[in-house]
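Everything below concerns the one structure shown next.
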Amino acid sequence: MTSELIKVNEIFGPTIQGEGALIGQPTVFVRTGGCDYRCTWCDTLHAVDSAYRDEWCPMTPEAILMQVEILSGGTPLMVSLSGGNPAIQPLGDLIDLGHAEGYRFALETQGSIARDWFSKLDVLTLSPKPPSSGMATDWQKLAECFEAAGPDTQTVLKVVVFDEADYAFARDVAERYPSLSCYLQPGNHTPPEAEAGDSAIDMAGILERMRWLVDRVATDRWYAATVLPQLHTLLWGNLRGV
């Protein structure tokens, strides 16, 4: 198979998926490099900022899958494709190779770049960025991502919420896609430095926002929403590679 190279920031696991529809599920992460967004509260700058591109390793799909198989001990599990924005990278061949060996694939993206191989994914999480990110959602591109996934991919929504404006944004997103499950997540206002493997985190502040978000959803009787923490943040703070 002749495939385009994929820029990889890191591959790690097995660990658990820390958020969204697959929270708590064992997974190996393949974190790609590069992103078309620059969110103000980004917690993975090492995979986003081009200043770190020398740390991104160009790999073939075969080499990536080999590393995943080593980490998983040859037992197929969920593979989480993340970033940055993993939709930038040519991941279709990797998904085909992994599926042939029994692996499943989940990907999270802000919904700014649609790919035809989204229809090969087992789970697609569309996570449009709220006003606090400093980024503006292109609703047409988000719709193209949803359409690209098609009927055979489980597609869900996830929105990070820091404040009232973000909460209103989340309500808007959910109303645009009433058929999709919607997961809400309190934001981490103390993300790690790009150079650091670990850094201080305001856990009390994050939990306070979580309680506020739960109360907000309950008061509004928004019973279709699911409010979840970042489980990996609760367990390991800002530690990288877990």
* To do: Could you please give the count of residues in region 6-29 that are open to solvent by 30 Å² or more (accessible area, probe 1.4 Å), of a type in the set (A, V, I, L, M, F, W, C) and more than 16 Å from V68 (Cα to Cα)?
  => 2
* Asked: For region 44-52, does any single residue satisfy the condition of being among the hydrophobic types (A, V, I, L, M, F, W, C), modelled with pLDDT under 95 and touching a helix residue (DSSP H, G or I) at 6+ places or on another chain (Cβ under 8 Å)?
  -> yes
* Does E55 satisfy the condition of being touching a His at 6+ places or on another chain (Cβ under 8 Å) and open to solvent by 30 Å² or more (accessible area, probe 1.4 Å)? -> yes
* Among L94, L124, which is buried (at least 22 other Cβ atoms within 10 Å of the Cβ), touching a Phe, Trp or Tyr at 6+ places or on another chain (Cβ under 6 Å) and at pLDDT 95 or above? -> L124
* Structure fact -> Subset of region 72-94, residues small (G, A, S), more than 20 Å from the chain's Cα centre (by Cα) and not in a helix (DSSP H, G or I), comes to G73, G74
* Structure fact -> For region 79-96 the number of residues that are of a type in the set (D, E) and either closer than 16 Å to G111 by Cβ or touching a helix residue (DSSP H, G or I) at 6+ places or on another chain (Cβ under 6 Å) (or both) is 1
* Given the residues Y37, Y52, which is the only one that is aromatic (F, W, Y) and within 17 Å of the chain's Cα centre (by Cα)? -> Y37
* Has region 60-71 got at least one residue that is in contact (Cβ under 8 Å) with a residue 40 or more places away in the chain and either part of a loop (DSSP other than H, G, I, E, B) or touching a Lys or Arg at 6+ places or on another chain (Cβ under 8 Å) (or both)? -> yes
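The values are calculated or read from the model by the stated rules, or taken from the named source; none is laboratory data. Being a predicted model, the structure only gives us computed values, none of them experimental. Reconstructed Cβ throughout: ideal geometry from the backbone, glycine too, with neighbour counts over all protein chains shown. What goes into the accessible areas is simple: the full protein's heavy atoms, side chains included, and nothing from ligands, DNA or RNA. Shrake-Rupley method; radii C 1.70, N 1.55, O 1.52, S 1.80 Å.
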